[in-house]
1. If the requirement is being surrounded by fewer than 17 Cβ atoms within 10 Å (Cβ to Cβ), within 11 Å of the chain's Cα centre (by Cα) and not hydrophobic (A, V, I, L, M, F, W, C), which of these qualifies: A:SER11, A:SER26, A:SER54, A:SER36?
2. Say we look at the range B:63-107 and pick out the residues that are without any contact (Cβ under 8 Å) to a residue 12 or more places away in the chain and crowded, with 16+ Cβ neighbours inside 10 Å; which of these is nearest to A:ALA96 (Cα to Cα)?
3. Within 11 Å of chain A (Cβ to nearest Cβ), in a strand (DSSP E or B), within 12 Å of the chain's Cα centre (by Cα) and under 22 Å from A:GLY59 (Cβ atoms), is that true of B:TYR96?
4. List every residue pair whose Cβ atoms lie under 6 Å apart, where the two residues are 6 or more positions apart in sequence or sit on different chains, the first residue falls within the range A:48-72 and is under 17 Å from A:VAL87 (Cα atoms) and among the β-branched types (Val, Ile, Thr), and the second residue, located anywhere, is at pLDDT 95 or above and in a strand (DSSP E or B).
5. Before we move on, is B:ILE50 within 12 Å of another protein chain (Cβ to nearest Cβ), buried (at least 21 other Cβ atoms within 10 Å of the Cβ), among the β-branched types (Val, Ile, Thr) and part of a strand (DSSP E or B)?
6. Does B:TRP49 satisfy the criteria of being within 28 Å of A:PRO7 (Cα to Cα) and either modelled with pLDDT under 95 or under 10 Å from the mean Cα position of the chain (by Cα) (or both)?
7. Does at least one position in the range B:70-81 carry a residue that is within 14 Å of another protein chain (Cβ to nearest Cβ) and closer than 19 Å to B:VAL119 by Cα?
8. Out of A:TYR34, A:TYR38, report the one residue that is among the aromatic types (Phe, Trp, Tyr), under 15 Å from A:GLY104 (Cα atoms) and either in contact with a strand residue (DSSP E or B) (Cβ under 8 Å, 6 or more places away or on another chain) or free of Cβ contacts under 8 Å to residues at least 60 places away in the same chain (or both).
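The values are calculated or read from the model by the stated rules, or taken from the named source; none is laboratory data. Here the structure is a predicted model, which means the values were calculated and not measured. Heads up, the Cβs are rebuilt from the backbone with ideal geometry, glycines too, and the neighbour counts pull from every protein chain shown.
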Amino acid sequence: QSALTQPASVSGSPGQSITISCTGTSRDVGGYEYVSWYQHHPGKAPKLMIYDVSNRPSGVSDRFSGSKSGNTASLTISGLQNEDEAVYYCASYTGASTLIFGGGTTLTVL
Amino acid sequence: QVQLQESGPGLVKPSQTLALTCTVSGDSISSAAYYWNWIRQHPGKGLEWIGYIYYRGSTYYNPSLKSRVTISVDTSKSQFSLNLTSVTAADSAVYYCARSPLPWLRFFDSWGQGSPVTVSS
């Protein structure tokens, strides 16, 4: 099964908002309400930012939000801060007890 | 606060078996509420889910790796392990262990720092 499609990179200035898309198919993103997003700073453990499409774990800033329309999920970060610079991955349940990830999007804060 | 820590050799020879262990602290690996997973990241690439184990020993693997993967659990040591046989250079990656809450394989709420593995003679 192919990885979910994410843009390779996005950028924004501090204080701005950015959106990262994650496109799959009806067999994964479009078929389940189980999309998650992870923030990864190199050399550190990935961090869960959004689960079940739009839920934020305790401790994650409300500047991070998730949504889904059809086969495409989105992560929006508002009020960009320097520490948001990282690689962001989406993931989706695919049925049959499997999960696939996106290729990752590098966020640069200008 | 659960913590996961991977351990194992950083260098494996081609055709041999890659063996990694994840030690869980701060929570019980025997909890009925979680799956315990292995995930890897090839250099410069995205993440790939390898498989999971439930504390009772039931497992599920990525179909693309199923023929070479075994995940086992030792609840007495609060550890679970990954064995990947017949490795090639394509198995060089950073290997992460991670926890996912039931039901279904919905997301990973805690991760280890990662264990880099290079396959080379």
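1. Values: A:SER11 fails: within 11 Å of the chain's Cα centre (by Cα); A:SER26 fails: within 11 Å of the chain's Cα centre (by Cα); A:SER36 fails: surrounded by fewer than 17 Cβ atoms within 10 Å (Cβ to Cβ).
Among A:SER11, A:SER26, A:SER54, A:SER36, only A:SER54 is surrounded by fewer than 17 Cβ atoms within 10 Å (Cβ to Cβ), within 11 Å of the chain's Cα centre (by Cα) and not hydrophobic (A, V, I, L, M, F, W, C).
2. Across the range B:63-107, the extreme among qualifying residues is B:ARG106.
3. On the way: within 11 Å of chain A (Cβ to nearest Cβ): yes; in a strand (DSSP E or B): yes; within 12 Å of the chain's Cα centre (by Cα): yes; under 22 Å from A:GLY59 (Cβ atoms): yes.
The answer is yes for B:TYR96.
4. From residues that are under 17 Å from A:VAL87 (Cα atoms) and among the β-branched types (Val, Ile, Thr), the pairs are A:ILE50/A:TRP37; A:ILE50/A:GLY66; A:VAL60/A:MET49.
5. Yes.
6. yes
7. Taking the range B:70-81 first, the residues within 14 Å of another protein chain (Cβ to nearest Cβ) are B:71.
Among the residues that remain, those that are also closer than 19 Å to B:VAL119 by Cα are: none.
The answer is no; no qualifying residue exists.
8. Going through A:TYR34, A:TYR38 in turn, the sole match is A:TYR38.
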